[in-house]
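> Have a look at this one before I ask anything.
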Amino acid sequence: MYWVVKAMDAIDAMIAATNNLIAENPSKISIHRTEYIEDENGGRKKVEITLPPFSGRLVPSAAKPQMVRDEAGGLVRASWTLIAPPEADIRVGSDVEDTFIVNGQTFKVVGVIYRKWHDQAYAIHAEAEVML
């Protein structure tokens with residue numbers, strides 16, 4: 001019983017710390033989700049929705065942008081981390097594409113990490129790239 005109470009105190013403290021970190025420089029995040037679901041003909045159809053907004057914080061993932069080359073030449077693609085509360089709905093996968101806009105730039109979610117302590121989430125860190 002004592003351990004359970006202490007564990008709840010710790011997770012509450014981690015959630016509070018995440019909320020404080022977001023509050024230092026918050027952005028309103030509205031995830032636009034494009035999902036591909038199977039249709040009745042054995043194919044896939046595209047469904048697009050915009051989820052309710054939440055407060056998050058966008059921070060650079062690296063001090064130096066990553067250089068990505070394609071057939072058109074060199075492109076610089078900066079990597080960012082979106083710090084979000086644990087209840088945020090952010091997904092990544094072959095059947096879903098989540099995007100959001102901050103300060104006029106569109107970002108695509110390329111990875112999602114659920115930060116947990118004893119199987120309880122206290123934050124979400126979503127890796128995002130600027131869409132060119």
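> Are any residues in segment 81-95 in a strand (DSSP E or B), modelled with pLDDT of 95 or more and not hydroxyl-bearing (Ser, Thr, Tyr), and if so, which ones?
Once the filter is applied, which keeps residues that are in a strand (DSSP E or B), modelled with pLDDT of 95 or more and not hydroxyl-bearing (Ser, Thr, Tyr), segment 81-95 yields 82, 83, 84.
> Separate question: So residue 94 clears everything in (1) surrounded by 15 or more Cβ atoms within 10 Å (Cβ to Cβ); (2) within 29 Å of residue 43 (Cα to Cα); (3) out of contact with any His (no Cβ under 6 Å at 6 or more places or on another chain) except one condition, right? Which one?
Here residue 94 meets the rest and fails (1).
> I need a count of the residues in segment 91-132 that are within 19 Å of residue 78 (Cβ to Cβ) and not aromatic (Phe, Trp, Tyr).
Quick first cut of segment 91-132, residues within 19 Å of residue 78 (Cβ to Cβ) only: 92, 97-113, 125-132.
Now drop any that are not not aromatic (Phe, Trp, Tyr), which leaves 92, 97-99, 101-106, 108-113, 125-132.
Going through segment 91-132 one residue at a time, the tally reaches 24.
The values are calculated or read from the model by the stated rules, or taken from the named source; none is laboratory data. Here the structure is a predicted model, which means the values were calculated and not measured. Cβ atoms come from the backbone with ideal geometry, glycine included; neighbour counts cover every protein chain shown.
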